[in-house]
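Asker: One structure is given below, represented as structure tokens, and several questions about it will come after.
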Amino acid sequence: MRYRRLLVNPEDPDYLDRRLRVVSILVGVIFAVLFLKLFFLQIIKGPYYRKLALKRSLRVFPLAAPRGNIYDRRGILLAGNSPSFTLALDPQTVRGEQGDKVLKKLASLMGEPFPSLKQRYLIARRESRNQVLLAFNLDRDVVAKIEARRFFLPGVEILVEPTRYYPFGAKAFHLIGYVSRLNSSELKRLSKEGFSAQDFLGRVGLEALFDKELRGKKGRRLVEIDARGRIRQVVAEEPPVIGKSLILTVDAFLQELADNLFQDESGAIVVMDPRDGRLLALDSHPAIDPQAFIRGFSSKEWDQIIHDIKFPLVNKALSAYPPGSTFKVVTAMAALEKGVVTPSSTIYCPGYYRLGRRTFRCWRPWGHGEVNMVKALEVSCDTYFFRVGEEIGIDFLSQTARACGLGRKTGLGFPGEMRGLVPDRHWKLRVYKEPWQRGETLNVAIGQGQISVTPLQLAKLLSAIVNGGYLYRPWCVTQILDPYGEVLEEFHPYSEGRLPAHPRTLKVIRQGLVAAVNGPNGTGKAAALPGILVGGKTGTAQIVGMKKRIHSKDLPYLRRDHAWFMAFAPADNPEVVVVVFVEHGGHGGSAAAPLAGKFLKAYFKGEHPS
């Protein structure tokens with residue numbers, strides 16, 4: 001086989017031209033690729049990388065907006081703001097080994113174990129897209145230590161934030177409410193509306209009812225960050241806008257007075273102006289300092305709260321309980337309106353009332369003798385109301401109760417307010433699949449059995465009885481103010497209608513209530529005041545039925561009777577209505593009436609709570 005060898009002469013002009021062309025093409029291709037790459041990076045992707053570069057050097061941090069203030073009717077602060085120090089970390093800077101170093105230094109400065117601080121950071125990091133708020137209400141000494149070492153703590157910032165401040169603490173907890181940060185489920189639901197894990201929400205009371213008005217508008221701060229994550233300068237800032245403020249109808253001194261009366265007891269006091277339905281005080285006891293919800297609870301503290309048999313988290317002023325003999329004013333109204341009795345007609349009370357084979361006993365074993373309507377209210381005769389209750393019937397009695405505002409919310413609007421219950425034959429058939437029994441009507445007629453009302457409902461009802469029959473919706477806010485103090489909105493009394501009673505019927509009931517406090521055998525004598533005519537009605541609501549009488553104090557706490565007393569004064573021209581409810585307090589005349597008497601005495605003397 002023969003091979004042919006190709007020889008190329010380097011000095012051949014064609015050969016040189018070919019090499020130059022190849023090199024030129026290669027260089028052209030390289031420059032074309034470089035040009036296209038530059039075009040892609042600078043022209044096509046230019047805005048993206050420009051934005052990314054700015055994002056790495058400039059950061060936007062939100063600025064918390066102070067919530068609006070809440071004032072009582074005299075301008076006394078009930079909820080405001082105070083500055084506090086918050087430790088914030090930039091999650092984009094605190095990463096990997098550097099992040100652990102920063103957290104270890106912070107743990108040492110704060111006197112906290114590193115693992116617990118790291119765990120808290122990781123939990124907070126999952127709920128935050130911007131800065132992670134790691135610690136709140138820092139002590140000034142800790143702040144000074146951190147600020148002195150800021151050069152060695154990249155990504156760390158001490159924020160001065162507005163923190164909710166409640167001057168009256170637990171004394172106004174259920175009225176004002178409290179705020180706390182969003183939890184994970186709330187954040188997931190509200191993040192589209194601009195909420196973050198650092199935001200607060202009003203939980204109960206006025207903080208919840210007017211949360212949108214009180215919240216304010218967050219600001220923003222644009223800062224320059226260096227390569228080590230340290231803030232070099234503030235480039236721009238949009239200040240936050242403080243929320244709107246509320247002016248209440250409530251009197252802070254009366255609120256404090258009401259709470260002080262309970263001492264170790266559990267219950268509620270509602271104070272209302274019967275002339276227009278404005279609330280002067282709304283207290284539930286015991287309660288919790290709302291400041292604690294901002295700083296947080298330990299697991300031991302929270303366990304004690306939720307297992308407390310006096311239920312400090314429950315607003316008892318808006319919770320429903322059997323009304324006891326306070327309900328007899330409704331039975332009296334229904335009896336007079338239906339014509340079952342007249343004001344002067346009498347019923348004999350031997351200490352019991354028989355219905356078929358059952359015997360219903362009056363609270364006074366030896367009876368009250370002959371009693372008319374006024375006397376029956378004065379001595380709270382069960383036998384009298386057993387008799388008229390049977391003749392009224394559950395249909396008309398329940399109809400009258402609902403027309404008096406019972407069995408439905410009062411219209412105050414607070415979260416958690418209960419409707420209570422006005423039972424009738426349709427309700428029992430629907431719930432228990434059983435027909436209504438005549439004996440059940442007798443129990444309802446004296447405020448026992450399945451019926452339940454709230455202290456606020458009773459205050460609304462009594463106000464209507466003493467003001468001529470007008471059912472005013474309870475209200476507690478008179479004005480909403482902008483951050484400059486200008487009035488944005490005003491609120492006024494609102495009448496929902498009238499009681500289903502003739503003025504002469506209401507007059508007889510008022511006479512009976514005045515006799516209950518001032519009569520020789522009145523059950524509410526403990527509320528009487530010298531020089532001021534007080535009217536009222538006691539109530540004792542059994543929790544469990546008993547075959548024989550046992551003094552309430554001899555029973556376990558949760559089996560003791562509830563004590564009620566509702567009062568108004570001065571009787572000739574009422575300006576204040578007070579409803580006192582003592583949970584498991586025993587008898588209304590001995591447990592609740594004295595508290596109402598003390599309150600009214602201080603109210604009319606203008607005494608400041610001690």
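The values are calculated or read from the model by the stated rules, or taken from the named source; none is laboratory data. Predicted model only: the values in this text are computed from it and were never measured. For neighbour counting, all protein chains shown are included, and Cβ atoms are generated from backbone atoms with ideal geometry for every residue, glycine included.
Asker: Among the residues of the stretch 57-66, are any modelled with pLDDT of 85 or more and either basic (K, R) or in contact with a strand residue (DSSP E or B) (Cβ under 7 Å, 6 or more places away or on another chain) (or both)?
Answerer: Yes, the conditions are met somewhere in the stretch 57-66.
Asker: Looking at T359, T331, T346, which is the one that is among the polar types (S, T, N, Q), closer than 22 Å to V517 by Cα and free of Cβ contacts under 8 Å to residues at least 60 places away in the same chain?
Answerer: Going through T359, T331, T346 in turn, just one is among the polar types (S, T, N, Q), closer than 22 Å to V517 by Cα and free of Cβ contacts under 8 Å to residues at least 60 places away in the same chain: T346.
Asker: Residue by residue through the stretch 377-417, note down the ones that are buried (at least 19 other Cβ atoms within 10 Å of the Cβ), in contact (Cβ under 8 Å) with a residue 60 or more places away in the chain and more than 27 Å from A317 (Cα to Cα).
Answerer: Hits for the stretch 377-417 are F386, I392.
Asker: If I ask for residues that are part of a helix (DSSP H, G or I) and either polar (S, T, N, Q) or touching a strand residue (DSSP E or B) at 6+ places or on another chain (Cβ under 9 Å) (or both), which ones from the stretch 510-540 would you list?
Answerer: Across the stretch 510-540, the qualifying residues are R510, Q511, G512, L513, V514, A515, A516, V517, N518, A526, A527.
Asker: Follow-up. Kindly indicate whether any position in the stretch 124-138 is over 10 Å from L87 (Cα atoms) and either touching a Cys at 6+ places or on another chain (Cβ under 8 Å) or at pLDDT 75 or above (or both).
Answerer: Within the stretch 124-138 (the criterion being over 10 Å from L87 (Cα atoms) and either touching a Cys at 6+ places or on another chain (Cβ under 8 Å) or at pLDDT 75 or above (or both)), the answer is no, since none of the residues qualifies.
Asker: Oh, and also: Among (1) of a type in the set (D, E, K, R); (2) free of Cβ contacts under 8 Å to residues at least 24 places away in the same chain; (3) in a strand (DSSP E or B), which single condition is D264 missing?
Answerer: Failed condition: (3).
Asker: Does the stretch 426-446 contain any residue that is crowded, with 16+ Cβ neighbours inside 10 Å, within 26 Å of G393 (Cα to Cα), of a type in the set (S, T, Y) and in contact with a Lys or Arg (Cβ under 9 Å, 6 or more places away or on another chain)?
Answerer: No, that holds for no residue.
Asker: Can you give me the number of residues within the stretch 144-176 that are on the phi < 0 side of the Ramachandran plot and not in a helix (DSSP H, G or I)?
Answerer: Count: 16.
Asker: Further, regarding this structure: Are there strands (runs of 3 or more DSSP E) fully within the stretch 196-245 with at least 3 residues that are surrounded by fewer than 21 Cβ atoms within 10 Å (Cβ to Cβ), hydroxyl-bearing (S, T, Y) and modelled with pLDDT of 85 or more? List them.
Answerer: none
Asker: Count, please, the residues in the stretch 162-185 that happen to be surrounded by 14 or more Cβ atoms within 10 Å (Cβ to Cβ) and either at pLDDT below 80 or in the same structural domain as I269 (by TED's automatic domain parsing) (or both).
Answerer: 0
Asker: Need the failing condition index for E186 against (1) in a helix (DSSP H, G or I); (2) more than 25 Å from L313 (Cα to Cα); (3) acidic (D, E), just the number.
Answerer: All conditions pass for E186, except number (2).
Asker: What do you reckon, is D303 out of contact with any strand residue (DSSP E or B) (no Cβ under 8 Å at 6 or more places or on another chain), in a loop (DSSP other than H, G, I, E, B) and not assigned by TED's automatic domain parsing to the domain that holds N372?
Answerer: Numbers: out of contact with any strand residue (DSSP E or B) (no Cβ under 8 Å at 6 or more places or on another chain): yes; in a loop (DSSP other than H, G, I, E, B): no; not assigned by TED's automatic domain parsing to the domain that holds N372: yes.
No, not satisfied.
Asker: May I ask you to say which residue of G111, G75, G28 is at pLDDT 75 or above and within 30 Å of E147 (Cα to Cα)?
Answerer: Working: G75 fails: within 30 Å of E147 (Cα to Cα); G28 fails: within 30 Å of E147 (Cα to Cα).
Result: G111 is the single residue among G111, G75, G28 that is at pLDDT 75 or above and within 30 Å of E147 (Cα to Cα).
Asker: Which numbered condition trips up D283, out of (1) assigned to a strand (DSSP E or B); (2) free of Cβ contacts under 8 Å to residues at least 60 places away in the same chain; (3) of a type outside the set (A, V, I, L, M)?
Answerer: Condition (2) is where D283 drops out.
Asker: Can you tell me which residue within the stretch 474-521, out of those that are under 34 Å from the mean Cα position of the chain (by Cα) and under 24 Å from E337 (Cα atoms), is surrounded by the most Cβ atoms within 10 Å (Cβ to Cβ)?
Answerer: In this case the residue turns out to be L513.
Asker: A follow-up question, please. Take the conditions of a type outside the set (D, E) and within 22 Å of F396 (Cα to Cα) and apply them to C381. Does it pass?
Answerer: yes
Asker: Still on this structure, please answer the following. Got a sec? Which of E301, E265 is loosely packed, with under 14 Cβ neighbours inside 10 Å and within 25 Å of L558 (Cβ to Cβ)?
Answerer: Going through E301, E265 in turn, the sole match is E301.
Asker: Right, another one. Could you tell me whether S180 is assigned to a loop (DSSP other than H, G, I, E, B) and in contact (Cβ under 8 Å) with a residue 24 or more places away in the chain?
Answerer: Working: assigned to a loop (DSSP other than H, G, I, E, B): no; in contact (Cβ under 8 Å) with a residue 24 or more places away in the chain: yes.
Taking the combined requirement at face value, the residue does not satisfy it.
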